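Before any comments, here is the structure.
Nothing in this text is a laboratory measurement; each read-out follows from the coordinates by a stated rule. These numbers were taken from a predicted model, which means no experiment stands behind them. Note: ideal-geometry Cβ built from the backbone for every residue, glycine included; neighbour counts use all protein chains shown.
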C-alpha cells in the first residue's frame, strides 16, 4: 500500500514538473512569437510614420512663411511688396507672428482611410492621435546676425501714439505702428530676493497667458518708455482688463446699443476719465531720460516656448532653438533650397528625425540673370524640426499591443489547460 502511495506521489511530482516545464515553454514560444511580431509591426509602422514626419518637417518653412505672409513682401502683385524696407516694424511684426504660431507642430495619425475622420470609411488599426514635433524658427538679417528666435521671451503688439489714441484711431483693425518688448527680465530670478512680482515685472501677464494661451484678457496697455529701433523699453506700465471696463459701460447709456450689448473702443472709454488703469510696474527711478513717450498697446501677443532638451554630438542642449542658434548656419553654410550642408547636419533615424531647412528672402522681381550677380538677402530663415517616429509608432499601436497581448495570454492558458488535461 505504501508503495502505491509513494508511486502516486512520484507521478504527481513528475506531472507538476512537466507542467512547469510546459508552461515555461508555452510562455517562451507564444510570448517570443508575440514580441517579435510586435517589434516587426512597430518597425513597419515607424517607417510609415517616418515618411509622414519627414514630409511635414521638410515643408515646415512653408508653414512658417504662410503664417507671417513673409513671401507677400517679395511678391510684386501683393500690396505688401517692398514694405520690408519702408515699414520694417511691420515686417518684424509678421516675423514674430510667424514664430509665435509655430513654437511646436503636430502630425495627425489619420486613423482612417478616408479624408474625413467623421465619415464611415474603413478605419486603420492605429489610434487617432497627434504625433508631437519639436520645432525651432530663427531669423537672421542679410549679414547673418540673429534677429529673433523661438527661444525669445517677447511680447509684440500694435500700438498708437498718445495723439492717435486721443483721436480715436484704435477703431481700425490693426494699429499703425508695431513694436515688441523683451519680457525676459526677472523671469529666472523671480522670488529669489523679494516677491515674485517685484522680481518679474511681467509675472501677471505670464499668468494670464498660462490660463488661456493668449492675452485676450488684456483690453489695453499704456506704456511710458522709449524705443530702440522697434524694441520698446518700458519705464512705467499700466494695464486694463474687462473687469475695469464693465463698470464704465454700465455707468451710462452712452455705449449701449439698446439690445443688452455695447459698442465702444477703449480710447472712447478712456476719454470719459472713468477707466481705472492698473499699475503693472513703475521703474521711473531707474531712468533719467527726456525722450520718454507714452503709447497705447492693442492686441498684445506672446508665446511660451516649451522645447525639450536633447543631445547632439555628445553635447546637451536645453532645446532645439539653442542647438540651431549655436550651429549658426548662416555663418558657414550657403543659403539655398535643399542645402546639402544643412541636411547633412540632421539626423535621419527611426529613433530621432532631425531636419534643418533654410530660406533666404531677396527681391528677385527686377533680377536679371544675365548680369550674373544675384540680389543679396534681406533676411534668412532657418527652421529645425525634431521628432521620434519610433516613439510615435509605439503610442499609435498601443491598443494593438493590448488586444494581441491579451489574445496571446489567453492562447497560452488554453494550450496549457489542454495539455494538462492529457498529462494529468
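Once both labels are positioned 7 Å from their Cα atoms along Cα-to-Cβ, the gap between residue 141 and residue 262 label points is 4.4 nm.
Applying 1/(1 + (r/R0)^6) with R0 = 56 Å to the Cβ-Cβ distance of residue 331 and residue 211, what FRET efficiency is obtained, to the nearest 0.05? FRET efficiency, residue 331 to residue 211: 0.90. Helix 88-100 and the longest principal axis of the C-alpha atoms of the chain enclose an angle of approximately 20°. Within the listed set 103, 230, 265, the residue fluctuating most in the Gaussian network model of the chain (springs between alpha-carbon atoms under 10 angstrom) is 265.
Rounded to the nearest 0.05, what FRET efficiency do residue 231 and residue 37 have when you use their Cβ-Cβ distance and R0 = 51 Å?
E(calc), rounded to 0.05, equals 0.30.
Using every pair of separate Cα atoms, the Kirkwood estimate puts the hydrodynamic radius of the range 268-344 at 18.5 angstrom.
Just checking the listed ones, 150, 100, 256: in the Gaussian network model of the chain with Cα springs under 10 Å, the one fluctuating most is 256.
Once the Kirkwood radius over Cα pairs is known for the range 187-302, the Stokes-Einstein relation at 10 °C and 1.306 mPa s delivers a diffusion coefficient of 99 µm²/s. With everything on Cα atoms, drop me the angle between helix 203-212 and the longest principal axis of the chain, reported from 0 to 90° to the nearest 10. Long axis of 203-212 versus the principal axis of the chain: about 50 degrees. The range 295-323 and the range 366-406 have their alpha-carbon centroids 17 Å apart. Working from Cα pairs under 8 Å separated by at least six residues, relative contact order for the chain is 21 percent. Computed from the C-beta positions of residue 77 and residue 51, the FRET efficiency with R₀ = 25 Å rounds to 0.10.
Helix 398-423 and the longest principal axis of the C-alpha atoms of the chain enclose an angle of approximately 10°. Helix content alone sets the calculated 222 nm mean residue ellipticity of the chain: runs of n ≥ 4 DSSP H residues at -39500 (n - 2.57) each, divided across all residues, give -12000 deg cm²/dmol.
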